[in-house]
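Notes follow once the structure below has been shown.
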Amino acid sequence: MSYAIRPRRVTFDWKRTPLHWIPDEPTATHVINVLHLLLPAGERWFVKVFKEALPLVTDEQLLKDIRGFMGQEATHSVQHAYVLEHLAEQDLDTGPYTRQVEYMFDVLLGEKPPWGLPVPRREWLRFRLSVIAAIEHFTAVLGDWILDAGALDRAGTDEVMLDLLRWHGAEEVEHRAVAFDMYQHTGGRGAVRYLRRAEGMALAWPTLFYLWVSGARYLLRRDPRLAGGRYRFRDHRAAAHRGLLPSWALLNAAMPRYLRRSYHPSQEGSLRKAVDYLATSPAARAAATGPTGGAVAS
């Protein structure tokens with residue numbers, strides 16, 4: 001990969017962002033808010049696992065890409081954690097849910113196999129790399145979706161939140177191939193490598209689906225502005241039909257593409273579209289021109 005992947009030290013000003021940042025759309029707002037529940041712990045975990053695997057990398061260009069990826073993911077984790085603080089300031093406590101997410105990544109998918117499972121250290125590392133590659137497939141699909149989601153602009157979506165989501169989505173498209181290339185490079189050879197890649201997807205997609213639905217249910221039930229709020233699939237479908245959410249069909253269709261033996265993430269999304277957005281993103285531009293490289297975008 002000749003394109004240089006680098007972190008952008010963005011920050012965002014949340015003072016004027018309302019709880020329902022898509023006006024009159026609590027379901028769409030909170031379905032997307034699930035990303036803030038998952039990503040702080042999830043992307044810290046990505047970085048930890050990649051640090052474990054760095055000694056296995058012998059390709060210099062891949063090593064550069066991995067370091068850029070790690071820098072971007074660390075920044076994503078921090079910025080989404082700030083959104084959780086903003087939700088807490090609006091009386092929406094996410095702690096009970098995020099602690100479960102942290103347990104999953106830090107313990108169940110930690111450096112050692114859970115429950116004393118007799119899995120060799122190298123094999124456990126390769127399996128976790130395969131899970132990350134599968135998750136990154138979905139983040140690239142979601143990144144491409146958010147860059148094209150003009151319905152969010154037309155709905156009057158809060159500009160700061162939309163910039164966060166599009167900056168993050170653009171960087172996911174930008175580094176879409178790194179986790180896959182990392183796994184292919186370190187995951188062995190032949191049929192075993194492919195089967196482990198499929199195992200990673202077999203864990204990743206059902207887990208993501210469960211976490212997304214349970215997270216949306218959690219947020220809607222505890223939203224202080226709603227009386228009896230709850231997540232319903234029909235509300236999700238209606239919001240997706242209006243272009244405010246990715247559909248479950250879009251995400252389901254992404255799984256078989258990943259399982260093709262000939263698959264490579266460069267087939268997902270448009271790097272040009274992502275780079276074009278990053279050139280105009282208020283937060284990314286402020287980070288590039290600010291005196292410390294991290295000015296607040298408002």
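Can you tell me which residues in the stretch 139-180 are assigned to a helix (DSSP H, G or I), of a type in the set (K, R) and crowded, with 22+ Cβ neighbours inside 10 Å?
R166
Show me the helices (runs of 4 or more DSSP H) found entirely inside the stretch 1-112 where at least 1 residues are open to solvent by 60 Å² or more (accessible area, probe 1.4 Å) and touching a Gly at 6+ places or on another chain (Cβ under 9 Å). Full working, then the answer.
Numbers: elements: 26-53, 60-89, 95-103.
Answer list for the stretch 1-112: 26-53.
For D153, indicate whether it is without any contact (Cβ under 8 Å) to a residue 12 or more places away in the chain and either within 26 Å of P26 (Cα to Cα) or touching a His at 6+ places or on another chain (Cβ under 8 Å) (or both).
Taking the combined requirement at face value, the residue satisfies it.
Would you confirm whether any residue within the stretch 109-129 is β-branched (V, I, T) and touching a Leu at 6+ places or on another chain (Cβ under 9 Å)?
Among the residues of the stretch 109-129, not one is β-branched (V, I, T) and touching a Leu at 6+ places or on another chain (Cβ under 9 Å), which makes the answer no.
Out of (1) surrounded by 14 or more Cβ atoms within 10 Å (Cβ to Cβ); (2) more than 17 Å from the chain's Cα centre (by Cα), the odd one out for G200 is which?
(2)
Hey, could you check the stretch 274-293 for residues that are of a type outside the set (S, T, N, Q) and surrounded by fewer than 15 Cβ atoms within 10 Å (Cβ to Cβ) and say which is modelled with the lowest pLDDT?
G293
Please go through the stretch 70-87 and give me each residue that is more than 12 Å from E171 (Cβ to Cβ) and of a type in the set (S, T, Y), ordered by number.
Residues satisfying the conditions are S77, Y82.
For the subset of the stretch 181-197 comprising residues that are open to solvent by 30 Å² or more (accessible area, probe 1.4 Å) and not small (G, A, S), which member is nearest to D65 (Cα to Cα)?
Once the filter is applied, the top-ranked residue is D181.
With respect to F127, is the statement that it is buried (at least 17 other Cβ atoms within 10 Å of the Cβ), over 16 Å from L35 (Cβ atoms) and in contact (Cβ under 8 Å) with a residue 12 or more places away in the chain true?
So F127 fits the description; yes.
The values are calculated or read from the model by the stated rules, or taken from the named source; none is laboratory data. Just so you know, these numbers come straight off a predicted model, no measurement behind them. We place every Cβ from the backbone using ideal geometry, glycine too, and count neighbours over all the protein chains shown. Note: areas computed on protein heavy atoms with side chains; ligands, DNA, RNA excluded. Shrake-Rupley method; radii C 1.70, N 1.55, O 1.52, S 1.80 Å.
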